[in-house]
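All remarks here apply to the structure that follows.
Taken together, the values in this text are just the output of simple stated rules run on the coordinates, not laboratory data. What you see is a predicted model; the values in this text were computed from it and never measured. Reconstructed Cβ throughout: ideal geometry from the backbone, glycine too, with neighbour counts over all protein chains shown.
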Amino acid sequence: MKRLLFGSLFAMLVAVVAVATLEAQSTAGWKIRADRSTNASDPDAAGEIEFMAMGGGFHAITPQAGVFWHPSSTASGSYTLKGNFTLMEPSGHNNYYGLVFGGSNLDNAQQTYIYFLVAQDGTWLVKHRAGDADVHEVAEKTASDAVNTPGANGQSVNALEVRVGADSTDYVINGTVVHTTPKTGMTSVTDGTYGFRVNHRLNVSVGGLEVS
């Protein structure tokens, strides 16, 4: 009887884990906002954004830049946001990808969010979006040995973190804190929606996106 009961409980647990894994891999309910280039010298590529589940995460191919989020993905107070980003192949020119947090109104003209991104040339940056027209540079692109650049296979993997505290926010690449901002001015609002951004002409997979 005990063996049968244990077997049933184990089977139920496996089923629950399987369902949770399938849900984690699904793009159902996710939203995408295309951010189309208006720069004639840096145009978008042809085609539409492709977004799909891959392994335990997601895969984005972006002729246009895109912001990706799920409406239920929000964080507030002190928290750590993590994501693992794999550049699947080098881009024709330098483009950025990484974490979005402190977001609101992401699907309309009042969009706001902070974003922390890396690029294939070994640089990172932090920006703040305030509405459709205004982008503020919080930290200009900066070279760092913490950023992994494409290897012989053309791929690179970077683990990004945003550690939000009571008074400041740390920006972390592969375990190294590369920048800190106070919770004032453009980086004062860290509560809100989180997700990720992939700029145009990129092929990137994203895994381990989570808040703790």
- Around PHE68, what is the net charge, scoring Lys/Arg as +1 and Asp/Glu as -1 over all other residues with Cβ under 13 Å from its Cβ? 0
- Note down the nm distance, to one decimal, between modelled labels 7 Å out along Cα→Cβ at SER104 and at VAL135. 2.2 nm
- Counting each DSSP H run of 4 or more residues in the chain as -39500 (n - 2.57), what helix-only mean residue ellipticity at 222 nm follows after dividing by all residues, to the nearest 500 deg cm²/dmol? -4000 deg cm²/dmol
- Task: Keeping to pairs on different chains or 8 or more places apart, tell me how many lysine pairs in the chain have Cα atoms under 21 Å apart.
- Result: 8
- Name the residue farthest towards the positive end of the dipole of region 45-136 from the options PHE51, LEU87, HIS136, assuming +1 on Cβ of Lys and Arg, -1 on Cβ of Asp and Glu, about the Cα centre. HIS136
- Task: Using the number of other C-beta atoms within 10 angstrom as an exposure proxy, rank ARG129, ARG163 with the fewest first.
- Result: ARG163, ARG129
- In degrees from 0 to 90, rounded to the nearest 10, what is the angle of the helix 2-25 Cα long axis to the longest principal axis of the chain? 20 degrees
- Quick one, which of (1) 193; (2) 149; (3) 128 is the actual volume of the Cα convex hull per residue in Å³ calculated for this model? (2)
- Burial order of peptide ranges 48-59, 110-121 (average beta-carbon count within 10 Å, highest first): 110-121, 48-59
